[in-house]
Structure formats: structure tokens, C-alpha cells
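The values are calculated or read from the model by the stated rules, or taken from the named source; none is laboratory data. Remember, predicted model here, so these are calculated numbers, not experimental data. With ideal geometry, Cβ positions are generated from the backbone for all residues, glycine too; neighbour counts draw on all protein chains shown. Side chains included, ligands, DNA and RNA excluded: accessible areas come from the protein's heavy atoms. Shrake-Rupley method; radii C 1.70, N 1.55, O 1.52, S 1.80 Å.
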Amino acid sequence: MIVLSGKRLSRKLCLGAWRTFVSNGEKEPYWRSKFPDRIASFDEIPTISERYDPQRLPQVAEQWFKKFGYVVKEPMPFGKYNVHLFHFDDFKIVYSNDGSFPIRQSHYAVAQYREERKHLYSGVGLGAGQGQEWRHLRSAASALNLHTSRSMAEDVVDDLISIIKNNLNDTGEIDLLPWLHRWAFESVGVVALNRRLNALSQNGNELADKMVAAAAVTDEMIALTTMEPTTMYEERFKQLVEAQDFFYSVLKKYIDGIMRDIELDPETEGVAQILLQNDSYTEKDVITLIMDMFQGSLQTVPLTALMAFYHLALNSYIQDKARDEARKRMPTKNSKYFDFKGPKDYIGSIVYETLRLNPPVLGNGRIIQRDLILGGYFVPAYTNVLLHFQVASRQKEFFEEPLKFIPEREDYQKIMSVFGGSSRMCIGKTFALRQLLLIVTKIIKNFEVSYDGGEVSMINHLHNKPEKPLILRLKPIDE
């Protein structure tokens, strides 16, 4: 690793750094052909200047990459820059230099909202939090993956299966995403609160729908206030406040109920129950974490599941192969998913391939804490860098036939970049993968999935989502 000081690099300094890099026996970097005898200065990074629609950033970033290459810088207000990265090697460099307290520039509006309500929250949360405050809440989040009621989680999916069968139209079509949102809401309730929230009732659940809508508004306002921090901020912040006030009012009632229940039955084990009985965490810690758990899960997992079904609908061979595996996992009508101890490679590969082609987020971001060489350019400490996983994962340099859905790929290590890296990796990674494996297996065992609605166009509201409802056709399979 080359570490340099100063924003501008002289040719002499660049040559010296390059010789040090070679003499240390480092692997030859991918950018050497572009800069064979030097390291380029920050000022030499290609700069974009056009305005763009933040909702179209996935497509815009792809065009930046095609025009300028693996490193692009974007002027931001107050003389600052975002540096956009499109190569997995640079992602690795950024993550390996994160240190003990990685810094992420995001969720400013949420931070403001919670800082103005310190009587309700212990801090700004996992998204906007930094330093020891972030570390404290992160340690509490470890309970998420340690305590999951698998039988209750499976019951939630079984309820979803019944709901789908009862809500198909005359041609077997359904707008599945709203039901996937309700499923996610119910599933997080199981893990976080150890209770069913009745989001999957046959007639729907108005409270659950309002919570999902509030999470979606919050996501959109986070994205817009981060990417366009000086444009319409007050109006967007007001919308976020309304959504978060509602979210808090509902979850606070759940937490109060749990505190009463603990006195009667201290053995119940949701994340909230566990933390409320731990002297290291306050009630404000718990509600801050539970808010982040619901906020983070109500979009990412449902959207990934939806795109997995979309790809299966377009690939009958893959779908049949996945169904064969699902039947091996659950050979009878009453078989339980979590009772199976055999291999589960193929459906897992379908989930990973979906994450590669249609990740729920564009990528990740960091404020680097030391000078780094990225793509052959010197990038000074405290620059905000954006790691565009979605663009990189669709390039032939990294994956053969990158635009084809091929679960049989062998190298899925890069795919884990979608969850971030270092100590700030997504806390919900294990939970999300488990839920995705569960729902894909259950749906594909119970339905034949098809689609004939044409190409799906995606937009970004912090998370990637179809621009229009994606209507799938699901044909129930008789047991």
C-alpha cells in the first residue's frame, strides 16, 4: 500500500512512490498500463459536471464508467468532492484501510432528526453514527443474528403462501411487492420483538402498510438529502420528520408492551427482550436499534426476493432445477424448511446471482481516513468515496457474460461486497440471506412463476426498485 501526503503530487514524488510500490513486491495493480511509471494526482481524476436525476444514478454511474474509467470525481457543495470507484480492487483497498471506526457520509437528515430528539433516542443510529457511539449500538446489534425464531419465521412465510393463493387474479397474476413488504414487516417483528404483528391478514393490515410507506418515504428523503444536500432540504426534512414520528409512535408502544411482558415472562427472546434485560443498554438504545432494524429490512429483502422471482420467471430451466432442490428439502406437504440438513447450494446461488445483477443498493460509501492510491490516482484523506458495486458487478472484467443470469458461477466472493466491508458490514447480512433462502425455496416449491411484461426499468430511492409495478404470474402447484 502506498501512502502519500498532500493533494498535489510532483512527478518526482509519483516516481518515488511507484518505485516503493514495486520494490515491496506488491501485486501489479490493474491500473499500471495507464500509469506505467507514476501515480497521478487528485487533480487529474476525470471530473463530471452535468446535473442528473438522483433516481437515475444507477444508469448515470454506468455511463460515467464507460466514458471515464474506474475513477471519477464529482464536485460537491462547499469545495468538496465525491470520488466514484468502479473496481473491486479499489473497494478492497478502501475497506482494508477502514480502521476501527469506519466513517460513512450518509443519513444526515436522520442524524438531525434524532439529535433534535435526544430525549427519545440514544444517538443518531447505525446509519449516521460514528465513533464510540456507533460501536456501542453496533455491539447491541449482534443479538440480531444470535436469536432468531426459525419456526416462527417459517410460519410467516407459510402465511404469505396462503395469502398469495387467495389474492391471484383470474389470470393468476399478482403485484407481489406489497405482500413482500408485509412479509418483511412481520419477519422483523418476529426477530426484533418476538411476536407476530398481524401484517399478513387476509384483508391486509393498515398499520403495517403505513409503516412500510413511512420507511419508503424515509429512504427517499435520506437519498435526496444526501445526494442533493442544498436543494429543497427543509421540505424533504419535514417529510422525513412526519414519517419517523409515526414510525417511533408505533414501535414505542411495542417496546412498552415488551417491558410489561418481561416482568411476567423474562424467558421470551426477541432482540428487544434480550437487550432490555442487559444493563449495558438503555431503553433508548433499544428503540434506536429496533427503528434501524425495521428501516433497513423493509425494502432490501423484499426487493431482492422480487428480483429473484423475476429472474426465475425468465429462466424455466433454472426454475425447474431450483424446484427440484426445494422438493428435496421439503419432500412432503408438511415438511419444514429448517428441518433439512442437506445441501442447499443451488438456491443459494440464485440468491447470490440476484444480488449481483439486481442489488438492493448501488454500493457503499466511506470517508477515507488516510491518503490512498485508488485506480492509480492519489486520493487525500477525508475524501468521500463511493464504491459502485452495481456497476462493477456487471462488467466482463469481473464476470463472464455479466448481463446473463447464471447461478452456476463459482466466484461469489465479490458478491459479498454488496453488504459492505470491514467492521461496518451490514449487521443484517446473515438474517437477510437466511430470509431470502427461505422465501425463494418456499415460493418456488408452491408456484410456477412466469412473466411477460417486458423489460423492467429500475430507479433508486436509496434502494433500487422497479419503476412500475412488476406483475408476476404465479400458478399454484398441487402437492
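Quick notes on this one:
- If you sort Leu176, Leu462 by accessible surface, 1.4 Å probe, largest first, the order is Leu462, Leu176.
- Shown is the FRET efficiency for Leu403 and Ser100, computed with R0 = 56 Å from the Cβ-Cβ distance and rounded to the nearest 0.05: 0.90.
- Panel note: the C-alpha atoms of the range 68-133, placed on their principal axes, show extents of 47, 28, 15 Å (largest first).
- FRET E, pair Asn167, Tyr412, Förster distance 25 Å, beta-carbon r, rounded to 0.05: 0.15
- Peptides 181-189, 209-217, 99-107, 165-173 ranked from most to least packed by the mean count of surrounding Cβ atoms within 10 Å: 181-189, 209-217, 99-107, 165-173.
- In this simple spin-label approximation, Lys34 and Glu283 carry label points 7 Å from Cα along the Cα→Cβ vector, and these lie 5.5 nm apart.
- Local net charge near Ser139, Cβ-Cβ under 12 Å (Lys/Arg +1, Asp/Glu -1): 0
- Computed [θ] at 222 nm, deg cm²/dmol, the chain (DSSP H ≥ 4; -39,500 (n - 2.57); rounded to nearest 500): -16000 deg cm²/dmol
- Heavy-atom accessible area per residue - the chain, 1.4 Å, Å²: 45 Å²
- Taking 0.36 nm per residue of sequence separation and removing the Cα-Cα distance, the Asp245/Phe78 pair yields an extension gain of 57.0 nm.
- Once all protein chains are placed together, Ser201 keeps about 50 Å² accessible to a 1.4 angstrom probe.
- 39 Å tail of the calculated P(r), the chain, as % of Cα pairs: 26 percent
- With respect to the chain, whose longest principal axis is taken over its alpha-carbon atoms, helix 429-446 is tilted by about 50°.
- Kirkwood hydrodynamic radius over Cα pairs of the range 26-79, then Stokes diffusion coefficient at 25 °C and 0.890 mPa s, in µm²/s: 186 µm²/s
- Take the Cα of Asn198, step 7 Å toward its Cβ, do the same at Ala381, and the gap between the two points is 5.6 nm.
- Taking all protein chains together, Glu220, Glu397 sort by accessible area into Glu397, Glu220, largest first [probe 1.4 Å].
- For the range 397-404, 3J(HN,Hα) per residue [Karplus equation, 6.51 cos²θ - 1.76 cosθ + 1.60, θ = phi - 60°, Hz, x = Gly/Pro]: 4, 10, 9, 5, 6, x, 8, 9
- Spread of Cα-to-Cα distances over 5 Å intervals beginning at zero, given as percent, for the range 270-382: 2, 9, 12, 11, 11, 12, 14, 12, 9, 6, 2, 1
- Between helix 345-357 and the chain there is an angle of about 50 degrees, using the helix long axis and the longest principal axis of the Cα atoms.
- Once the C-beta distance of Asp339 and Asp478 is scaled by a Förster radius of 22 Å, the resulting FRET efficiency is 0.50 to the nearest 0.05.
- Between the Cα long axis of helix 176-193 and the first principal axis of the chain there is an angle of about 90°, rounded to the nearest 10.
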